[in-house]
Amino acid sequence: ENCFAEKRHARRRVFRGLLLVGWGCLGGVLAADAASDPKPVRIVEAFPKLRFDMPLYITFPKDGTDRLFVVEQGGRVLVFENRPDVEKADVVIDLKEKVRRDHSEEGLLGLAFHPSFAKNHQVFLHYSASDPRRNVLSRFKMDTQSGVIDPSPEEVILEVKQPYGNHNGGMIEF
């Protein structure tokens, strides 16, 4: 347990350092902008015809298809063409029956494409599960014909018990 406590304190120090650096950089940008005539900023919806339910992450595979994938916390992953006029996103996997959502920080929390996804079509998902409460990192395979991520067989790579429903970070990346 001391090892975990030391790592936790080290992460906090790193986070605090990054936070201070971030605020310092922001302060420098704000001071520089205050001296010049600020340009108006406006927010534009990137995909105005699409709606998502609690989206956590948007990513794409490096396979040249120009598709975007959105992870919804409730357990779905959706895909759509990377065009501002796109009208529809398709569900590529729905894990709602497996994903635990009893707490605001639980759910489908991460997605990563294998570095050789264009050849092997492997997708990794990280989600909260029940009985016992835990986080699960699993490998799935996308069907090349349908474009759907096959929910079975699921290859569980890692399971970590989670005593609480909060602080369940889930970002995964290669």
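The values are calculated or read from the model by the stated rules, or taken from the named source; none is laboratory data. The structure displayed is predicted, hence computed values, not measured ones. Here the Cβ positions follow ideal geometry from the backbone for every residue, glycine too, while neighbour counts run over all protein chains shown. Keep in mind that these areas ignore ligands, DNA and RNA; they rest on the heavy atoms of the full protein, side chains included. Shrake-Rupley method; radii C 1.70, N 1.55, O 1.52, S 1.80 Å.
Can you tell me how many residues in segment 47-82 are among the acidic types (Asp, Glu) and open to solvent by 90 Å² or more (accessible area, probe 1.4 Å)? I'd like the intermediate steps shown before the answer.
Start the filter on segment 47-82 by keeping residues that are among the acidic types (Asp, Glu), which leaves 53, 63, 66, 72, 81.
From what is left, the residues that are open to solvent by 90 Å² or more (accessible area, probe 1.4 Å) are 53, 66, 81.
The qualifying residues number 3.
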For segment 112-174, list the strands (runs of 3 or more DSSP E) that sit wholly inside it and hold at least 3 residues that are within 21 Å of GLY64 (Cα to Cα); which are they? 122-129, 134-142
HIS103 passes all but one of (1) closer than 23 Å to PHE60 by Cβ; (2) touching a residue at least 40 places away in the same chain (Cβ under 8 Å); (3) not acidic (Asp, Glu); which number fails? (1)
Hey, ASP85 in contact with a helix residue (DSSP H, G or I) (Cβ under 9 Å, 6 or more places away or on another chain) and either open to solvent by less than 90 Å² (accessible area, probe 1.4 Å) or farther than 17 Å from ASN168 by Cα (or both) or not: no
Filtering segment 103-132 for residues that are open to solvent by 60 Å² or more (accessible area, probe 1.4 Å) and closer than 21 Å to LEU158 by Cβ leaves a count of 5
